[in-house]
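Taken together, the values in this text are just the output of simple stated rules run on the coordinates, not laboratory data. Note that this is a predicted model, so its numbers are computed, not measured. Note that we place each Cβ from the backbone using ideal geometry, even for glycine, and neighbour counts take in every protein chain shown.
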């Protein structure tokens with residue numbers, strides 16, 4: 001009997017340095033082991049066998065011609081799901097991490113944490129998924145599974161820190177690699193069922209953009225028909241906030257720097273009102289009129305003008321990435337206002353969000369691209385030139 | 001009609017009418033009101049005469065000096081109280097020096113007022129002559145909007161009327177508690193609990209309610225939870241006392257070691273941390289459920305946000321010049337940053353009753369009114385343990 005390691009090759013695109021330019025890359029997901037055995041038993045495939053049958057067969061049958069057969073054991077963990085990635089959304093985090101903006105990027109870096117695909121294999125203890133299921137993976141692929149937050153299925157708040165889908169340090173010390181790749185192996189607790197009939201390409205952006213706005217909207221009880229919501233910024237997150245807002249029965253005002261987005265905001269996304277934030281008169285007319293504001297804008301911007309739009313006890317939720325947050329204390333003290341923030345969400349609320357989208361026919365508006373276009377897409381994303389989320393068609397273009 | 005009988009000078013009358021014709025508008029007031037203009041000019045004409053003794057600031061220096069003016073007569077819903085004590089709040093300093101917006105001089109500060117009822121209007125049932133009563137930071141509101149109906153008058157949709165430097169419904173400028181008496185609508189008066197010393201009740205009417213309201217709103221009254229209090233002045237020391245009464249583990253954050261002994265021994269805090277000590281601050285990371293920030297001076301917010309646990313809340317009740325923090329301290333850990341200032345009438349009465357029932361008393365330094373200017377300077381230097389209270393009854397005469 002002999003054995004050798006077999007690399008389970010994964011095709012991907014990765015950034016090699018802080019320029020953030022992506023290029024083709026190959027690496028291994030979990031390792032597989034190949035055993036060669038000489039036996040009198042003419043087995044050709046061991047996928048139908050378990051260890052007991054194998055041992056019994058080996059010892060019982062010792063007559064006849066010897067055959068050499070190979071056993072290919074995938075070291076797929078008993079709780080793992082292996083999925084063939086069909087689509088991956090492009091998130092601003094992909095840009096930020098590829099360019100090492102936080103100073104902790106580990107190269108080669110394979111971005112992508114809005115992953116949708118089809119199950120190709122499951123571990124022996126996986127009960128929630130089977131081969132062929134449509135499944136999503138979001139921004140983290142592991143956590144301690146022991147602390148009170150994990151027990152509440154709020155893994156993003158894990159006391160030991162959730163392990164990010166890319167550029168994270170996995171339990172075996174390896175660096176996690178994301179969804180700009182052909183397949184991924186993930187513990188079943190961090191996989192999400194994509195509802196039947198929901199297009200995989202549309203599901204991808206929900207795994208980060210969708211959950212990032214849905215989670216605080218639920219947490220701050222924005223699902224109260226008749227209340228009013230302001231959405232700052234109309235990109236991947238912003239347009240989802242508008243769609244959820246309308247689904248919750250809110251009166252939605254889009255606050256934007258650019259008139260070019262007005263028509264779509266009102267006609268396509270269904271917003272009730274559209275305000276240019278540099279227009280003092282329009283902003284004054286909205287004074288103290290909003291119960292909630294979700295700020296999805298990435299660039300730096302003043303906060304006081306938006307705080308003045310909030311009613312008494314109004315809530316301002318930050319989900320974007322400005323470089324700093326600065327405002328006057330009067331914006332908080334007068335009218336007992338609240339500023340909060342959020343990023344992604346736990347597995348419970350993520351699955352709830354996916355089911356909500358399917359039940360209410362809420363689909364992100366996306367631009368599907370081949371992986372070969374990814375560098376241009378990242379540049380366009382920085383310029384806010386996308387309506388409203390790029391989704392890479394991995395299945396058709398990554399070969 | 002009383003306004004005209006007080007006016008004895010023809011030049012003043014002519015001056016007033018020309019001003020009326022000139023469409024003059026006081027900046028900072030809600031709307032131009034000829035009655036207000038008339039009243040102000042008549043008051044200036046009759047300076048130092050009237051039924052109410054007071055001390056007022058005359059200009060942006062904020063320097064206080066004796067002043068006399070007229071309070072209104074008692075209406076059917078009014079309570080007239082002879083003021084015995086008035087607390088000194090940072091707002092008194094800031095408004096007198098025009099730091100918080102337009103000041104209308106002469107400005108009589110003071111919104112932590114306690115006294116005894118000397119007269120009540122015909123439709124006042126809740127109070128009678130001799131009762132111990134307090135008045136806080138506002139003396140009127142519309143009494144009609146959703147917030148007033150919820151007894152959250154401080155958030156009145158039509159604008160609450162501040163106890164001083166506010167424009168009242170009759171067009172007069174309100175004048176505060178550094179005075180011998182005040183006439184207030186019954187709704188904005190509070191019963192001081194039986195046996196509760198008047199001098200100690202005064203600071204509760206602003207400092208007390210300003211920390212009590214958010215502590216209740218954010219459910220800090222849960223034994224076993226942990227609270228950080230930033231700053232140990234008038235508001236901070238009451239936050240510590242309420243925190244201990246709520247069964248919380250209380251940590252005080254201060255810039256100065258000198259307050260440590262009292263924080264632990266007198267106020268009952270469980271822990272004391274010097275905020276400039278990076279090691280002590282880092283050791284507390286992710287350890288507190290709540291923080292109340294009472295500090296007035298500018299200070300960084302990120303270190304305190306890092307000290308909050310997941311889903312922790314930081315309540316700002318102080319007045320730094322700006323709030324600046326890293327977005328990561330909001331994005332990660334579901335933390336909340338919120339603010340508050342005073343509270344509604346229902347909660348103010350509840351807070352007073354709570355203090356009476358649990359024997360919670362502010363630590364005060366009682367002073368005569370003649371000391372008020374020095375007290376202002378000491379307050380700015382944070383040199384007070386922990387609230388000045390003016391003994392109006394015995395010094396303003």
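Quick check: from the Cα gyration tensor, does region B:207-339 come out rounded (a/c under 1.5), prolate or oblate? Walk me through the numbers before you get to the answer.
Values: a/c = 1.33, a/b = 1.18, b/c = 1.13.
Verdict is rounded for region B:207-339.
Using the beta-carbon distance between residue A:284 and residue B:151 and R0 = 22 Å, what value does 1/(1 + (r/R0)^6) give for FRET efficiency, to the nearest 0.05? Don't skip to the end; give the middle numbers.
Numbers: r = 30 Å, r/R0 = 1.35.
E between residue A:284 and residue B:151, to the nearest 0.05, is 0.15.
Rounded to the nearest 5, what % of DSSP beta bridges with both residues in chain A are antiparallel? Can you show the working numbers first?
Working: 47 of 73 bridges.
The antiparallel fraction comes to roughly 65 percent.
From the square roots a ≥ b ≥ c of the eigenvalues of the alpha-carbon gyration tensor of region B:70-157, which class results: rounded (a/c under 1.5), prolate (a/b over b/c), or oblate? Could you put the intermediate results ahead of the total?
Values: a/c = 1.98, a/b = 1.25, b/c = 1.58.
The shape class here is oblate.
Subtract the Cα-Cα distance of residue A:383 and residue A:104 from 0.36 nm times their separation in residues, and report this length gain in nm to one decimal.
On the way: separation 279, 0.36 × 279 = 100.44 nm, distance 2.41 nm.
Gain on stretching residue A:383 to residue A:104: 98.0 nm.
Inside 10 Å of the C-beta atoms of A:339-350, what's the mean count of C-beta atoms belonging to other chains?
Details: counts 10, 9, 11, 6, 7, 1, 1, 0, 0, 0, 0, 0.
Per residue, the number of nearby Cβ atoms from other chains is 4 on average.
For the Cα atoms of chain A, what angle does the longest principal axis make with the long axis of helix A:51-60, in degrees from 0 to 90, nearest 10?
10 degrees
Rounded to whole Å and ordered largest first, report the semi-axes of the equivalent ellipsoid of region B:258-319 derived from its Cα gyration tensor (root of 5λ).
Value: 19, 15, 13 Å, ordered largest first.
Taking R0 as 25 Å, what's the FRET efficiency between residue B:60 and residue A:304 from their Cβ-Cβ distance, rounded to 0.05?
Numbers: r = 25 Å, r/R0 = 1.01.
Calculated value: 0.50.
For the ranges B:303-315, B:52-64, what's the packing order if you count other beta-carbon atoms within 10 Å of each residue, average per peptide, and put the highest first?
Numbers: B:303-315: 21.9, B:52-64: 19.0.
Final packing ranking: B:303-315, B:52-64.
Which of B:155, B:358, B:85 ends up with the largest GNM mean-square fluctuation for chain B, with Cα atoms connected below 10 Å?
Checking each option, the largest mean-square fluctuation is seen for B:358.
Ranking B:72, B:97 by Cβ neighbours within 10 Å, fewest first, what do you get? Present the calculation step by step, with values, prior to reporting the outcome.
Details: B:72 13, B:97 18.
Neighbour counts put them in this order, fewest first: B:72, B:97.
Can you give me the angle between helix B:10-21 and the longest principal axis of chain B, using Cα atoms only, in degrees from 0 to 90, rounded to the nearest 10?
It is inclined by approximately 60 degrees.
Does region A:210-341 classify as rounded, prolate or oblate by the C-alpha gyration tensor (a ≥ b ≥ c root eigenvalues; a/c under 1.5 gives rounded; else a/b over b/c gives prolate, otherwise oblate)? Mind showing how you got there, number by number?
On the way: a/c = 1.32, a/b = 1.17, b/c = 1.13.
Verdict is rounded for region A:210-341.
Taking the 0 to 90 degree range and rounding to the nearest ten, how far is the long axis of helix B:345-358 tilted relative to the main principal axis of chain B, both from C-alpha atoms?
60 degrees
When chain B is treated as a GNM, springs tying every alpha-carbon pair under 10 Å, which of B:325, B:107, B:284 comes out with the largest mean-square fluctuation?
The residue with the greatest mean-square fluctuation here is B:325.
Return the Cα extents of the protein assembly as shown along principal axes one, two and three, sorted largest first, each rounded to a whole Å.
Taking max minus min along each principal axis of the Cα atoms, the protein assembly as shown gives 130, 60, 46 Å.
Taking beta carbons within 10 Å but only from partner chains, what does the mean come to for residues B:311-319? Kindly include the intermediate steps, with their values, before the conclusion.
Numbers: counts 5, 0, 2, 2, 4, 4, 3, 2, 4.
Per residue, the average neighbour count from other chains is 3.
Ranked from highest to lowest mean number of other Cβ atoms within 10 Å per residue, what is the order of the peptides B:197-205, A:379-387, B:228-236, A:311-319?
Order by mean packing, descending: B:228-236, B:197-205, A:311-319, A:379-387.
Return the average number of partner chain Cβ atoms within 10 angstrom of each residue Cβ along peptide A:152-164. If you can, show how the numbers build up before the last one.
On the way: counts 0, 0, 3, 0, 4, 6, 1, 3, 0, 0, 0, 0, 0.
Mean inter-chain Cβ contacts per residue within 10 Å come to 1.
In nm, give the distance between the simple-model label positions of residue A:151 and residue A:323, each being 7 Å from the Cα along the Cα-to-Cβ direction.
The answer from the label model is 4.4 nm.
Set the Förster distance to 51 Å, then compute FRET efficiency between residue A:360 and residue B:271 from the Cβ-Cβ distance, nearest 0.05. Could you put the intermediate results ahead of the total?
On the way: r = 49 Å, r/R0 = 0.96.
About 0.55, to the nearest 0.05.
Got a sec? How would B:129, B:183 order by Cβ neighbour count within 10 Å, fewest to most?
Numbers: B:129 12, B:183 19.
Going from least to most buried by this count: B:129, B:183.
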